[in-house]
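To start, the structure under review is shown below, and the notes come after it.
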Amino acid sequence: MSVSEKNYVVEEDQPEISVEDHRLLRKVDRRLLPVFTLLYLLSFLDRSNIGNAKLDGMTTDLGVSAASYNTALAIYFVGYIVFEIPANIILKKCNPQVWLPSLTLAWGIVSIGQGLVKNQAGLFGIRFLLGATEAGLFPGVIYVFSVYYLRRERSWRVAIFFGGSALAGAFGGIFAYCIGLMNGVGGKRGWQWYVRVLRHHLINTTSKRIFILEGLLTAVISLIAYFIVPTWSHKAKFLSETEKTRLLDRLRADSDAGTDQTFKWSSVGDAFRDHLVWAYAFLFHGFSFVLYSLSLFLPTIIAGLGFETWQAQLMTVPPNVLASFSIWTTVYFSSKYNARAPFIIGAAIVSIIGYILLITCTKPGLQYFGVHLAAAGVYTGNSLLLSWPGENVSGQAKRAVAVALQISVGDIGAIAGCLIYRPTLASHLYRTPNLIAIGYLLFAIVMTAYLWVMMSMENKRRDRLLSKGESKDETEEERIRLGDRSVRYRYRI
């Protein structure tokens, strides 16, 4: 369908877009973004609320030593890593409308145990199961985005989606403070109320002390999600036939996303043999160490600045709110100027400056400001790098594996962070672990530069080949089969 030039309007993440396409994108956004962001917000709350619960006495009540608490944090990511790639393979063979809500229901049921565990063994087991059941959500959503949006349109949507993690940290601090006040109510400690009641407040903040059994809200939302989460773009029932045809035509002109490709195990091998896929994974590894150690230990670090527990809970809110605004602002300009690498490097530098302030300054005010910079930088960098393979890896099965591999390798960094931020290194606000965090961020900068240089060189090489007429006989079928190896394919840098 063609449109006249006068029908073009300017949109935030691309230079020109037709009125019809603008309307179509808004319809897709309304269907995908709210439900996926809500699911991820709940997911991030469930994995990180243990940091707030610790301040309310969870470890003392369960007889968990400080070192064992770190082990419990790491065990979550073991389950996450083990099941991440299999989860996305199942998604490619299955239907996201069924698979993603089913995962949500599963971790909603598992999360019941966070308020019911009675000892250390129970805590270890429930954290592993929580990681296993949550593993498929994030890479699954990133992959679903890749079959609904053009490559240049994905980073902004991923940023909105990932912003849910920063908002989760903000909500978590507020709710942890409020629920800490419920200590002794119903014969339960505040942290036990925290893991049950936290989700309820996301829906109904005016209700107080409502007893939510067995993570009811997560389960209810998962049941609703079965009717909201969309299926594949070529089967999308929320679009009219005309809209679906237009959507698929846009996708085919941009990448393989508009085609219905069958799963092939050879595509899995293609992903594992691609050095760029591994570079995306190691890039996230560098940022993941900082992301999860900061989100899990932020309440403890702030308490170490000399604040009471209730103050520390509330003071986790501003850094997370700043991180949310930083994500959305930076990704807007990244999309506008069609650049990823320089903004990722810039975000890492901002975070490094924050850690330097936290390590070198002696005034709590400056150290707290450093926490803000560290949070803003690491959350922003993650929001950009997590959409990068979804934009650049072509071949649907290869892309599904690449996205999952990125997060699996990245989360090994999260395990390292959980174990390195241990009690024996807690002196001076975790000075030694914070120095290691700076090292991880420097490693992330190196990996970003590697991707920037390698993809730029490959784009130029393909330009030279095209100028010599190397791919003039390449058919549409060959272009799809070759994916990102096609001479006509260009990486987004």
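The values are calculated or read from the model by the stated rules, or taken from the named source; none is laboratory data. No experiment lies behind these values; they were computed from the predicted model shown. Cβ atoms come from the backbone with ideal geometry, glycine included; neighbour counts cover every protein chain shown. Ligands, DNA and RNA are excluded from the accessible area calculation, which covers all protein heavy atoms including side chains. Shrake-Rupley method; radii C 1.70, N 1.55, O 1.52, S 1.80 Å.
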Residues (modelled with pLDDT of 90 or more and open to solvent by less than 40 Å² (accessible area, probe 1.4 Å)) located in segment 459-491 | N459, R462, Y491
So how many residues does segment 225-243 have that are open to solvent by 30 Å² or more (accessible area, probe 1.4 Å) and more than 22 Å from the chain's Cα centre (by Cα)?
-> 9
Among helices (runs of 4 or more DSSP H) completely within segment 323-408, the ones holding 3 or more residues that are polar (S, T, N, Q) and touching a residue at least 12 places away in the same chain (Cβ under 8 Å) are 364-385
For segment 133-146, state whether one or more residues are more than 30 Å from N338 (Cα to Cα) and either among the hydroxyl-bearing types (S, T, Y) or surrounded by fewer than 21 Cβ atoms within 10 Å (Cβ to Cβ) (or both).
-> yes
Would you check if there is a residue in segment 377-391 being of a type in the set (A, V, I, L, M, F, W, C) and more than 13 Å from the chain's Cα centre (by Cα)?
-> no
Identify the residue in segment 350-375 that is open to solvent by 10 Å² or more (accessible area, probe 1.4 Å) and within 20 Å of the chain's Cα centre (by Cα) and, among all such residues, is nearest to A449 (Cα to Cα).
-> V350
Considering only residues of segment 358-407 that are in contact with a Pro (Cβ under 6 Å, 6 or more places away or on another chain) and hydrophobic (A, V, I, L, M, F, W, C), which is nearest to S324 (Cα to Cα)?
-> A375
Which pairs have Cβ atoms under 6 Å, sit 6 or more apart or on different chains, and link a residue in segment 101-112 that is touching a residue at least 12 places away in the same chain (Cβ under 8 Å) to one that is open to solvent by 30 Å² or more (accessible area, probe 1.4 Å) and among the acidic types (D, E)?
-> I112/E214
Residue that is modelled with the lowest pLDDT, among those in segment 416-433 that are open to solvent by 70 Å² or more (accessible area, probe 1.4 Å) and under 14 Å from A72 (Cβ atoms) | R422
Taking the stated definitions as given, is F297 over 30 Å from K398 (Cβ atoms), crowded, with 21+ Cβ neighbours inside 10 Å and of a type in the set (F, W, Y)?
-> yes
V117 versus (1) over 21 Å from V35 (Cα atoms); (2) part of a loop (DSSP other than H, G, I, E, B); (3) modelled with pLDDT of 90 or more: which is the lone unmet condition?
-> (3)
